[in-house]
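*Asks:* My questions all concern the structure below.
All of the numbers you see were taken from the coordinates with simple rules; none came from a lab. Model, not experiment: these values are computed from the prediction. With ideal geometry, Cβ positions are generated from the backbone for all residues, glycine too; neighbour counts draw on all protein chains shown.
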């Protein structure tokens, strides 16, 4: 037995975009709020941390609004690939993590952005039809 939920696909994609966007807005805000402290915690320069925060803020806002959605999803996935690299290669964090979140969290958001990329985030957006 299956259900025809196709009328709700675009609302589901809007909810997905909202959740992804909110996480990146919050993360970007934290990077920009205290860039020196955040730079130390992730082992990057202050300048790169500010760039990362701005990229996360802009990408998160674009994904929520549905403006250049596919490009925003690609950009956020590049950020996530960097985060996964840092966790796996540099910090030797396990999939589930030991003392903090593992890279399963980043991988989950990578896949969520992949869905947004492949569907263009659905039709409920500021740029639909353009």
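*Asks:* Along Cα→Cβ, 7 Å out, is where each label goes; now give me the distance between the ones at residue 115 and residue 46 in nm to one decimal.
*Replies:* 4.0
*Asks:* Would you calculate the separation in nanometres between label points at residue 67 and residue 128, each defined as 7 Å from the Cα along the Cα-to-beta-carbon direction?
*Replies:* Output for this residue pair reads 1.8 nm.
*Asks:* With axes computed from alpha carbons, what is the tilt in degrees of helix 69-85 against the longest principal axis of the chain, rounded to the nearest 10 within 0 to 90?
*Replies:* Orientation of helix 69-85: about 30 degrees from the principal axis.
*Asks:* Which FRET efficiency, nearest 0.05, do residue 33 and residue 1 yield, Cβ-Cβ r, R0 35 Å?
*Replies:* So, using R0 = 35 Å, E works out to roughly 0.10.
*Asks:* Could you give the length gained by full extension between residue 8 and residue 85, i.e. 0.36 nm per residue of separation minus their alpha carbon distance, to one decimal place?
*Replies:* Roughly 24.2 nm would be gained on extension.
*Asks:* Mind checking the angle between helix 9-33 and the chain's longest principal axis? C-alpha axes, 0 to 90 degrees, to the nearest 10.
*Replies:* The answer is roughly 20 degrees.
*Asks:* Same structure again: Just to confirm the number: angle between the C-alpha axis of helix 104-119 and the first principal axis of the chain, 0 to 90 degrees, nearest 10?
*Replies:* 40
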